[in-house]
Amino acid sequence: MVSKAKIKYLKSLQVKKYRKQEQSFVVEGAKSVQELLVSNFEVVWVGGTESFLDANSKQLSSKKIDVVEVSLKELSQLGSFQTNETVIAIAKMRENSLPELKNEFCLVLDDLRDPGNVGTIIRTADWYGIKNIIVSEETADFYNPKTISSTMGSFCRVNVFYTYLTDFFSQNKLPVFGAFMDGADVRQFDFGKGGLIVIGNESNGISEEVSRFINHRITIPRIGRAESLNAGIATGIILDNVFRSKTSA
């Protein structure tokens, strides 16, 4: 049985202020928690059904984790998602440290506000083997439960670094590609061997402050009449063309 204090603590971690204060976050669902258990995140507490705990006993016993068996009724009260029927966990945040970027492709998110979009982009980046994403301070929180859920476990393999983008770009030496409504056709563009790919805000696109650092404007040609593309979908199309150009080179 989960104590009232633990329930209150889990609920508090749904709020960014308390996640930051405690340097902890919540992960829900079998797929995400299984990925968490084999990652380099420090897992401190797991509440799972009997079947989940039995199936993952090896991973749970190999680490110093406080493990509690919970009922389906308790699970529905502990997390953010009513569909979670297996497990919920608490883990410690990683240090917000900028990785050493070499000759590689890296995403940059400029003020993306929707956690679902950010989670989808992290998952897409993982699919294409991108290890690092640089994001503005205003971008949706990496540790938001909706962001974590949308990554489907990819949050364990992709490093996300929050910073002031203008400061970051002023020190950057890699080529910078920006997604705009006008620019070079991504289907024909040679992205070379590495660089930063900037994705802008869902409504306003790339900000003026960031635009001045962009070396190459790129676009996904519109064939139909839709006004715009979802940021997550646009990122997937761009990355597919980036890596297609590499394999065909």
- Taking segment 41-51 and keeping residues in contact (Cβ under 8 Å) with a residue 24 or more places away in the chain, open to solvent by 30 Å² or more (accessible area, probe 1.4 Å) and not hydroxyl-bearing (Ser, Thr, Tyr) leaves Glu42, Val44
- Query: Name the residues in segment 57-98 that are in contact (Cβ under 8 Å) with a residue 40 or more places away in the chain, in contact with an Asp or Glu (Cβ under 7 Å, 6 or more places away or on another chain) and among the hydrophobic types (A, V, I, L, M, F, W, C), would you?
  - Reply: Phe81, Ile88, Ala91
- Message: For segment 137-182, give me the residue count where each residue is in contact with a helix residue (DSSP H, G or I) (Cβ under 9 Å, 6 or more places away or on another chain) and among the polar types (S, T, N, Q).
- Response: 8
- Message: Cβ-Cβ distance below 9 Å, separation of 6 or more or different chains: which pairs start in segment 198-209 with a residue that is farther than 15 Å from Phe177 by Cα and free of Cβ contacts under 8 Å to residues at least 12 places away in the same chain and end on one that is open to solvent by 30 Å² or more (accessible area, probe 1.4 Å) and hydroxyl-bearing (Ser, Thr, Tyr)?
- Response: Ser203/Ser228
- Quick one: in segment 90-142, which of the residues that are more than 15 Å from Asn201 (Cα to Cα), surrounded by fewer than 22 Cβ atoms within 10 Å (Cβ to Cβ) and of a type in the set (Ser, Thr, Tyr) is modelled with the highest pLDDT? Tyr128
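Name every residue in segment 110-167 that is among the small types (Gly, Ala, Ser) and under 11 Å from the mean Cα position of the chain (by Cα), in order of residue number.
So in segment 110-167, the residues among the small types (Gly, Ala, Ser) come out as 116, 119, 125, 129, 136, 140, 149-150, 153-154.
If the condition is that a residue be among the small types (Gly, Ala, Ser) and under 11 Å from the mean Cα position of the chain (by Cα), then Gly116, Gly119, Ala125, Ala140, Ser149, Ser150, Gly153, Ser154 are the ones that fit.
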- Task: Scan segment 203-215 for residues that are over 14 Å from Val108 (Cα atoms) and open to solvent by less than 70 Å² (accessible area, probe 1.4 Å) and report the count.
- Result: 0
- Message: Yes or no: segment 184-202 includes at least one residue that is modelled with pLDDT of 95 or more, closer than 30 Å to Val43 by Cα, over 17 Å from the mean Cα position of the chain (by Cα) and open to solvent by 10 Å² or more (accessible area, probe 1.4 Å).
- Response: no
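Has segment 204-219 got at least one residue that is in contact with a Lys or Arg (Cβ under 8 Å, 6 or more places away or on another chain) and of a type outside the set (Val, Ile, Thr)? Can you show your working first?
Going through segment 204-219, the residues in contact with a Lys or Arg (Cβ under 8 Å, 6 or more places away or on another chain) turn out to be none.
No, segment 204-219 contains no residue that is in contact with a Lys or Arg (Cβ under 8 Å, 6 or more places away or on another chain) and of a type outside the set (Val, Ile, Thr).
The values are calculated or read from the model by the stated rules, or taken from the named source; none is laboratory data. Treat the numbers as computed from the prediction; the structure is a model and nothing was measured. Quick reminder, even Gly has a Cβ in these numbers, built from the backbone with ideal geometry, and neighbours come from all protein chains shown. Remember, those area values only see protein heavy atoms, side chains included, never the ligands or the DNA or RNA. Shrake-Rupley method; radii C 1.70, N 1.55, O 1.52, S 1.80 Å.
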